[in-house]
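Asks: Sharing a structure with you now.
Every read-out reported here was derived from the displayed coordinates using simple, explicitly stated rules and does not represent laboratory data. These numbers come from a predicted model, not from an experiment. Ideal geometry is used to build each Cβ from the backbone, glycine not excepted, and the neighbour counts take in all protein chains shown.
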Amino acid sequence: MQNKPFPKLVNDRIIKVAKGETPDKLPVWVMRQAGRYLPEYQELRKNNSFFDICQNPELACEATLIPIRRFKVDAAIIFSDILVVPQALGMKVKMVPGVGPVITDPLTVESMTKLNVEGVISRLQYVGDAITLTRHRLNGEVPLFGFAGAPWTLMCYMVEGGTSKTMSKAKKWLYCHPDAATQLMDMLAEIITDYLLMQIKSGAQIVQVFDTCVEHLDRELYSKYGLPQLKRIASNLKSQMKACKIEVPLAVYIKGAHFFVDELDSLGYDVVSIDWTISPGYAGGCLHDKNVTLQGNLDPCALYAPKEKLIEMVERMIADFGTRRLIVNLGHGVYPDTDPEAFKTFVDAVHAVRL
Ligand code: CP3
């Protein structure tokens, strides 16, 4: 399986747009497109825990393909989670229904030295195996995204032990233990770079870094702690890809980027995904020369709206972005109570836009 050549990519809209080329139609995919809103996924979850699906390449591949069979989305994203990295570092992560992820032994400044960094990428090889298998099963239909969490977002979950309204425990490190915070995020940035390179070598055709907890910081804190790490990952990944003679586009999703929209094209990523609180026109206006592809950003709640209204909102968003260098997505992952029909309406409305 490892050495067999991958099937030729048929629908390359996303790759084209990521590189600044013009596609035949606007590309669209959605974060969490293989999640709980789909009955086929719920069926798969009845007999398997969340992390069992992640860790079993056959099951992860099956979950990845569910939305591809149902909708005309222009990309697949490997079924996994950002928290498989803390797990591979030795932390105990559970997915608790109705609660979300729970880390039973959250990180403290004292326990940092216990993280099992040695061999971490080989303990994540199952993600690479799932990617290789999925590339073959996709048969070139659409490109496959790999992904990882950004250092700040991973640190938030590792220190908080789960989701939090304020991320105040993680922020406390920035004020009280700045050296430990920097040390942890430096370490995570290196791991994430190696992890994404492993995913690319395994067959990922584009990779996305998720920095979802940025809304808890301001410009000063994010410029000091988060941004340099994001930039480092992109530049190191690009030089490592060059050394291996592979080239795939890099994407980043930042939730809460409103305070540095003007800098989004200087992060070193080909694609920058914004959340729904930033108006597309404003983002476009801040990035005059736009040498970056924007991705986003419909409010996931817009999928609750009546069909006609939803189509109207999709059209308005696209008009506001402009169709040049645009990958359509939601401004965050699709919610579990979304009607799959609304998802279909969203995807079809994007493809109906004439370029
Ligand atoms: O389809 C895809 O986008 C690929 C798979 C994917 C998942 N999580 C699967 C998942 C991706 C890209 C993620 C990213 C992720 N995971 C992020 C960053 C992006 C974001 O959405 O904020 C974060 C912060 C996590 C951590 C995480 N995992 C949380 C906070 C939760 C609970 C969220 C909720 O709505 O309850 C998860 C659970 C999760 N990750 C599910 C899925 C399909 C649902 C798990 C289940 O079946 O019970």
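Asks: Along the charge dipole of region 13-352, pointing to its positive end and built from +1/-1 on Cβ of Lys, Arg, Asp and Glu, which listed residue (VAL248, TRP173, SER49) has its Cα farthest out?
Replies: The Cα lying farthest towards the positive end belongs to VAL248.
Asks: Starting from the coordinates of the alpha-carbon atoms of region 133-238, obtain the Kirkwood hydrodynamic radius over all distinct pairs and give the value in Å to one decimal.
Replies: Numbers: mean 1/r = 0.0678 Å⁻¹.
For region 133-238, the Kirkwood estimate is 14.8 Å.
Asks: Could you work out how far apart the two model spin labels at VAL117 and HIS136 are, taking each label as a point 7 Å from the Cα in the direction of the beta carbon, and quote it in nm?
Replies: Inter-label distance under the simple model: 3.5 nm.
Asks: Tell me which cysteines of the chain come out unpaired when the rule is another cysteine's Cβ under 4.7 Å.
Replies: Result for the chain is CYS54, CYS61, CYS176, CYS244, CYS286, CYS301, no neighbouring Cys Cβ within the cutoff.
Asks: Under a GNM of the chain (C-alpha, springs under 10 Å), which listed residue has the highest mean-square fluctuation: THR277, THR113, THR22?
Replies: Looking only at THR277, THR113, THR22, the biggest GNM fluctuation is shown by THR113.
Asks: Provide the net charge surrounding HIS332, with neighbours chosen by a C-beta distance below 10 Å and charges set as Lys +1, Arg +1, Asp -1, Glu -1.
Replies: Numbers: positive: ARG32, LYS255; negative: ASP275, ASP299.
Taking every Cβ under 10 Å from that of HIS332, the sum is 0.
Asks: Contour minus end-to-end for ASP339 and ASN56, with contour as 0.36 nm per residue of separation and end-to-end as the Cα-Cα distance?
Replies: Contour length minus the Cα-Cα distance gives 99.1 nm.
Asks: Can I ask one more? What's the magnitude of the charge dipole for region 225-318 around its Cα centre, counting Lys and Arg as +1 and Asp and Glu as -1 at the beta-carbon? Answer in Debye, nearest 20.
Replies: The dipole of region 225-318 has a size of about 400 debye.
Asks: Which listed residue (PRO7, ILE66, THR153) has the Cα farthest towards the positive end of the charge dipole for the chain, taking +1 on Lys and Arg C-beta and -1 on Asp and Glu C-beta about the Cα centre?
Replies: PRO7
Asks: List the residues, sorted by chain then number, that are 5 or more residues from GLY331 or on another chain and whose placed amide H is less than 5 Å from its amide H.
Replies: HN-HN under 5 Å from GLY331: TRP276, LEU298, ASP299.
Asks: Moving on to the next point. Using unit Cβ charges (K, R positive; D, E negative) and no other charged atoms, how large, in debye to the nearest 20, is the dipole of the chain about its Cα centre? Present the calculation step by step, with values, prior to reporting the outcome.
Replies: Values: 40 positive and 40 negative charges, 112 e Å.
Once rounded to the nearest 20, the dipole reads 540 debye.
Asks: With each label point set 7 Å from Cα along the Cα-Cβ vector, what nm distance links LYS4 and THR166?
Replies: For the pair LYS4/THR166, the computed spacing is 5.4 nm.
Asks: Cut-off under 21 Å on the C-alpha distance; same-chain residues fewer than 8 positions from LYS172 excluded. Which lysines are left, in chain and number order?
Replies: Once the sequence-local lysines are set aside, what remains near LYS172 is LYS114, LYS224, LYS255.
Asks: Please compute the modelled spin-label separation between ALA305 and PHE259, points set 7 Å along Cα→Cβ, answer in nm with one decimal.
Replies: The two pseudo-label positions are separated by 3.0 nm.
Asks: Here's another thing I want to ask about it. How far, in nm, would the chain grow between VAL353 and CYS244 when pulled straight, counting 0.36 nm per residue and subtracting the alpha carbon separation?
Replies: This chain segment gains 35.4 nm when fully extended.
Asks: Turning to a different aspect of this structure: Give the Cα extents of region 228-352 along the principal axes, in whole Å, largest first.
Replies: Dimensions of region 228-352 along the principal axes of its Cα atoms: 49, 30, 25 Å.
Asks: Please state the charge dipole magnitude for region 167-310, taken about the Cα centre, from unit charges on C-beta atoms (+1 on K and R, -1 on D and E), reported in debye and rounded to the nearest 20.
Replies: Working: 15 positive and 17 negative charges, 55 e Å.
Dipole size: approximately 260 debye.
Asks: Using only C-alpha positions, report the orientation-averaged shadow area of the convex hull of region 13-352, nm², one decimal.
Replies: 15.8 nm²
Asks: Using a cut-off of 14 Å between alpha-carbon atoms, which aspartates and glutamates can reach LYS4, once sequence neighbours fewer than 8 places away in the same chain are excluded?
Replies: Output for LYS4: ASP129.
Asks: Assuming 0.36 nm per residue, please report the length gained on full extension of the stretch CYS286 to ALA180 beyond their Cα-Cα distance. Walk me through the intermediate numbers first.
Replies: Details: separation 106, 0.36 × 106 = 38.16 nm, distance 3.44 nm.
The CYS286-ALA180 span can extend by a further 34.7 nm.
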